[in-house]
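The values are calculated or read from the model by the stated rules, or taken from the named source; none is laboratory data. As the structure is a prediction and not an experimental result, all values here were calculated from the model. Heads up, the Cβs are rebuilt from the backbone with ideal geometry, glycines too, and the neighbour counts pull from every protein chain shown.
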Amino acid sequence: MKISKLATTVLTALGLSLSLSAGVHAETVLKLGYTPTKDSHYAAGADAFAEELAKRTNGRYKIQQFPASALGGEREMIEAVQLGTQDIVLTSTGPVGNFVPEARIVDIPFLFRDYDHAHKVLDGQIGQDLLKKFPGKGLIALVWMENGFRHITNNKRPVNTPDDVKGLKLRTMENKVHMEAFKTMGVLPTPMSMAELFTALQQGTVDGQENPIPVILSNKLYQVQKNVSLTGHVYSPALLIISPGVWNSLNDADKKAFMEAAKVGVEANRKRVTADEASGIATIKAAGVQVVEKVDHAQFAKAVQPAYTVFAKEFGADRIKQIQDVR
Ligand code: EAX
C-alpha cells in the first residue's frame, strides 16, 4: 500500500515534469525574413510553409515572419543566417552568388525561355545539384521558390528598344552577373539593397530599377515609377535558406517535415506569382503608369549577347548550354 502510494506520487511527479518539459519545448519559434511585404508571393510561400510545418510537427515549430526588410536587406539576412543570428531567409538569388559563386549561373539574362523551363531546370538535376553547394558555405538551401521574370521600370522614358536603356542609371541587385549584363547594354548599374530602393526611386538617386511584377506590386514600386517595360530580361529565382545550426539540430523525421513543408511553400509561391502576373499590369496601369507591353525580347537578348563571352568563361559554355537544352 505504502509502496504503491509512493509509486503514484512518483508517477504523478514524473508526469507533471514530463508535461512541464513538453510545455517548455513545445514550440520552437524560428525567425524568417524577406524583402517583399506581407501581401506578396513571398508571404504566400512563407505562409504555406509555416502552416504545413506546424501541421507536420504538431505545432512544435512556429515560423515568425519578418516581411518588408524588417531584418535587413537580402545580403545582410543571408549573412545572419550563416552566423545563426537569423533562422531562415527567403531571398532572391541577387546576393547569393557572393556566398555560393556556382549559383550565379542561374542569374544569366535570357537563359530561361519561360516559367516551365525554369521550373524544370531548378526542380531537376541541375537545380538540385546547385542546392548541394550551399552546405559547404554554411547555408542550407531547401528549395527554389521564385520572383518571376524581371522587367525594367524608370522615370526617364518609355523603354521600347535596347537603345532606350542606354545611359539610364538603374538600381540592380548586388549581383555581378546582372551588373555585367546591364553594363553591356549601356546601363549604369547601381547595386543597392531592396531596403533602400523605394526611397532611392522617390528621391531620384537612380532613374529606375528592374523587378518582376509581384515585387513591383507588393513593394508598390509603381507609385514612384512612370514607366514599366515588360523586358522580361531575366528569370529571378528565390531560395528558402535555413541556418545550419537549426538544420543540424533536427532529427531525420523533422528534417523531412521541413522539406515537405518547403515544397508546399513552393507551390503556393509559384501560384501567387502566376496570379500577380495575371492581374498586375492592370493594377499598375490604373496607377497611371505607362506600360510598354510589346517588347521585342530578341532585340534585348541580342544586346546582352556580348556578355555571354564573359559568362561562358566563368561558368563554361557547356554548362550554359546544358541549361538551355532542358526541354
Ligand atoms: O527578392 O532585391 C530585389 O530586387 C529582389 O527582387 C527583391 O528583394 C525580392
Go through the residues of the range 253-262 one by one and say whether even a single one is of a type in the set (Phe, Trp, Tyr), under 30 Å from residue 31 (Cβ atoms) and modelled with pLDDT of 95 or more. yes
The one condition residue 123 fails out of (1) more than 21 Å from residue 272 (Cα to Cα); (2) more than 16 Å from the ligand (Cβ to nearest atom) is (1)
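Can you tell me which of 261, 303, 286, 253 is of a type outside the set (D, E, K, R) and within 25 Å of the chain's Cα centre (by Cα)?
Working: 303 fails: within 25 Å of the chain's Cα centre (by Cα); 286 fails: within 25 Å of the chain's Cα centre (by Cα); 253 fails: within 25 Å of the chain's Cα centre (by Cα).
Testing whether each residue is of a type outside the set (D, E, K, R) and within 25 Å of the chain's Cα centre (by Cα) leaves just 261.
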Contact list, first residue from the range 299-321 and surrounded by fewer than 15 Cβ atoms within 10 Å (Cβ to Cβ), second anywhere and hydroxyl-bearing (Ser, Thr, Tyr), beta-carbon distance below 7 Å, six or more apart or interchain, is 299/161; 306/184
Reported set for the range 213-223 where residues are within 9 Å of the ligand (Cβ to nearest atom) and among the aliphatic types (A, V, I, L, M) is 215
If we keep only residues of the range 263-285 that are basic (Lys, Arg) and closer than 21 Å to residue 48 by Cα, then the residue surrounded by the most Cβ atoms within 10 Å (Cβ to Cβ) is 272
Quick count over the range 299-324, residues being outside any helix (DSSP H, G or I) and charged (D, E, K, R), is 0
All-but-one check, residue 69 against (1) surrounded by fewer than 20 Cβ atoms within 10 Å (Cβ to Cβ); (2) within 13 Å of the ligand (Cβ to nearest atom); (3) on the phi > 0 side of the Ramachandran plot, failing number (1)
Notebook entry, point to check: Do we have any residue at all in the range 199-210 that's among the aliphatic types (A, V, I, L, M) and touching a His at 6+ places or on another chain (Cβ under 9 Å)?
Noted result: no
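Out of 283, 274, report the one residue that is part of a helix (DSSP H, G or I), more than 22 Å from residue 119 (Cβ to Cβ) and more than 16 Å from the ligand (Cβ to nearest atom).
Being part of a helix (DSSP H, G or I), more than 22 Å from residue 119 (Cβ to Cβ) and more than 16 Å from the ligand (Cβ to nearest atom) holds for just one of 283, 274, which is 283.
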Checked against (1) in contact (Cβ under 8 Å) with a residue 60 or more places away in the chain; (2) touching a strand residue (DSSP E or B) at 6+ places or on another chain (Cβ under 8 Å); (3) away from the ligand (no atom under 16 Å from the Cβ), residue 46 satisfies every condition except (3)
Quick count over the range 52-68, residues being β-branched (Val, Ile, Thr) and closer than 11 Å to residue 261 by Cα, is 1
For the range 27-42, pairs from a residue that is of a type in the set (S, T, N, Q) and away from the ligand (no atom under 11 Å from the Cβ) to a residue that is at pLDDT 95 or above and part of a loop (DSSP other than H, G, I, E, B), with Cβ under 8 Å and 6 or more apart or across chains, are 28/60
Checked the range 167-212 for anything within 15 Å of residue 149 (Cβ to Cβ) and within 11 Å of the ligand (Cβ to nearest atom); matches are 173, 178, 209, 210, 211, 212
